[in-house]
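The values are calculated or read from the model by the stated rules, or taken from the named source; none is laboratory data. What you are looking at is a predicted structure, and each value in this text was computed from that prediction instead of being measured. Here the Cβ is made from the backbone with ideal geometry for all residues, glycine too, and neighbour counts use every protein chain on show.
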Amino acid sequence: MAFRKQAKITEAAPVQAVSEWSVADLSALYADQRSSLTQQARRILRSDADAAEIVQEAFLKFILAAPELDSRDRALAYLRTTVNNLCLNQIRATGSRPNLVAIDTDASQERLDELALEAHIPFDTTLAAAEDASIIREALSRLSSDQRTALVMWEMEGRTTEEIAAAIGTTPANVRHVVARSRASFVRILSEWVIDEQTGATALDALSTSYKKATELAKKSSKVALSLLIVLVAFLGFNSVTGHETTINLICNGTLSFIRNPDQWALLKQDPAGLAKPATEECLRYDSPVKSIQRIASQDVEMRGKTLRKDDRVRWFISSANRDPDAFPNPARFDITRHPNQHVAFGSGTHHCLGATLARVEGQEVFKALAERFPNLQAQTDNLEYQPSITFRSLKSLPVTWH
């Protein structure tokens, strides 16, 4: 039994070409990589049993995809991506908390060490990497609609081939081909799109420190680099190519709330790990990243004596709902021990934010790290400006100091 595929000829660096996968080849690859893949899954799921099952399922998917994988490097990239996607599927199904900090933990600690030696820094610039996100957003926008949808759903959201097929109007069997073409197009755009005519720098060159690892990987494996780029974008809260700004708002607004409420900052510093979760929820409620959102009525509906007609545009204010005295005792107080805290910062119902779990994890890890590493955090100025937006609660800048 073997899977056959004609070897491709490219100008890339030499790879270990495989024109035929035998049962012996598959068994050897599985034996060689099982431990590494299991560790990868365990870091995300925090469960030995679940990790082992994920790796077995990933290997079964690999067997089916083997005819499309003409080198060992591509096979390994496929396996690693599949493990990540299957882990995300399980997290979504169980509602558990992913261990996203497993991604590049050492680099994160190194950056914190560097920052601790500084006297001050523009807080939003350091944490936001907004320029990087805008580059990724623009690159994704240059893909066709189907390519963009397939790529984001596969790499970032971990959707099944059936879900992707339904979204782009193709068959499940064709999804992998669409994703493969999307990957190639995306990396080509980043590599060829010149964004600085004077220096000749491409988009890939310009991606800042958050993406340096991906830039280096791109020279070796565009597929691995793409996966890392997408994961980093997702880690920044750029969920479905829309959530980056809201996560940055959470971090900046929450940090400012702590600075202006030193009693709560002192409380968080006493137990950063234990209070990170309720603290993040209170930051979401107290100064929500999104002020208001717009909806269109799908049918006539009565609400408090008023009639909303079908197709009427309605804007509801999250910030007001999150200060409702009927729902929150003493709503104007910033209280990181507040319980229950049933805020609506992520919306509700059908339109509840898809990136809510990810944003919560990001907030928890950032506020925990700040309390542990920068206990003397202070704003450099009280003259802060906000972006002119009816939708977002966005600081233009939050310069801080910690000495």
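Just to be sure, is residue 280 surrounded by 15 or more Cβ atoms within 10 Å (Cβ to Cβ) and either in a loop (DSSP other than H, G, I, E, B) or not acidic (Asp, Glu) (or both)?
Details: surrounded by 15 or more Cβ atoms within 10 Å (Cβ to Cβ): yes; either in a loop (DSSP other than H, G, I, E, B) or not acidic (Asp, Glu) (or both): yes.
Yes; evaluated as a whole, the condition is true for this residue.
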Review point. Which number in (1) in contact with a helix residue (DSSP H, G or I) (Cβ under 9 Å, 6 or more places away or on another chain); (2) at pLDDT 95 or above; (3) over 30 Å from residue 403 (Cβ atoms) marks the one condition that residue 282 misses?
Key: (3)
Review point. Taking the stated definitions as given, is residue 174 of a type outside the set (Phe, Trp, Tyr), modelled with pLDDT of 65 or more and in contact with a Pro (Cβ under 7 Å, 6 or more places away or on another chain)?
Key: no
Study note, to complete from the structure: Filtering the range 373-394 down to residues that are outside any loop (DSSP other than H, G, I, E, B), touching a Leu at 6+ places or on another chain (Cβ under 9 Å) and farther than 19 Å from residue 317 by Cβ yields 373, 379
Review point. Which condition breaks for residue 260 when tested against (1) surrounded by 13 or more Cβ atoms within 10 Å (Cβ to Cβ); (2) touching a strand residue (DSSP E or B) at 6+ places or on another chain (Cβ under 7 Å)?
Key: (2)
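Considering only the range 289-301, I want to know if a residue exists there that is part of a helix (DSSP H, G or I) and aliphatic (A, V, I, L, M).
Just the residues of the range 289-301 that are part of a helix (DSSP H, G or I), to begin with: none.
No, the range 289-301 contains no residue that is part of a helix (DSSP H, G or I) and aliphatic (A, V, I, L, M).
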**Study point:** Test: residue 251 is assigned by TED's automatic domain parsing to the domain that holds residue 288, hydrophobic (A, V, I, L, M, F, W, C), modelled with pLDDT of 85 or more and surrounded by 21 or more Cβ atoms within 10 Å (Cβ to Cβ)
**Key:** yes
Exercise for review: Determine whether the range 372-380 contains at least one residue that is modelled with pLDDT under 85 and either surrounded by 15 or more Cβ atoms within 10 Å (Cβ to Cβ) or out of contact with any Asp or Glu (no Cβ under 9 Å at 6 or more places or on another chain) (or both).
Suggested key: no
Review point. Is it the case that the range 60-77 has a residue that's modelled with pLDDT of 75 or more, under 27 Å from residue 364 (Cβ atoms) and surrounded by fewer than 20 Cβ atoms within 10 Å (Cβ to Cβ)?
Key: no
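When only residues in the range 310-369 that are part of a loop (DSSP other than H, G, I, E, B), among the acidic types (Asp, Glu) and more than 24 Å from residue 297 (Cα to Cα) count, which is farthest from the chain's Cα centre (by Cα)?
To start, the set of residues in the range 310-369 that are part of a loop (DSSP other than H, G, I, E, B) comprises 310-312, 322-348, 352-355.
Now narrow it down to the ones that are among the acidic types (Asp, Glu): 311-312, 324, 326, 335.
Then drop every residue that is not more than 24 Å from residue 297 (Cα to Cα), which leaves 326, 335.
Numbers: 326: 34, 335: 27 Å.
Looking at residues that are part of a loop (DSSP other than H, G, I, E, B), among the acidic types (Asp, Glu) and more than 24 Å from residue 297 (Cα to Cα), I get 326.
To keep it simple, each residue is scored yes or no on (1) within 18 Å of residue 257 (Cα to Cα); (2) touching a residue at least 24 places away in the same chain (Cβ under 8 Å); (3) surrounded by 14 or more Cβ atoms within 10 Å (Cβ to Cβ).
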{"position": "292", "(1), (2), (3)": "no, yes, yes"}
{"position": "300", "(1), (2), (3)": "no, no, no"}
{"position": "305", "(1), (2), (3)": "no, no, no"}
{"position": "314", "(1), (2), (3)": "no, no, no"}
{"position": "319", "(1), (2), (3)": "yes, yes, yes"}
{"position": "324", "(1), (2), (3)": "no, no, no"}
{"position": "328", "(1), (2), (3)": "yes, yes, yes"}
{"position": "331", "(1), (2), (3)": "yes, no, yes"}
{"position": "336", "(1), (2), (3)": "yes, yes, yes"}
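Quick one: is residue 342 of a type in the set (S, T, N, Q) and at pLDDT 95 or above? Give the steps one after another, and end with the answer.
Details: of a type in the set (S, T, N, Q): yes; at pLDDT 95 or above: no.
Here the answer is no, as residue 342 does not meet what is asked.
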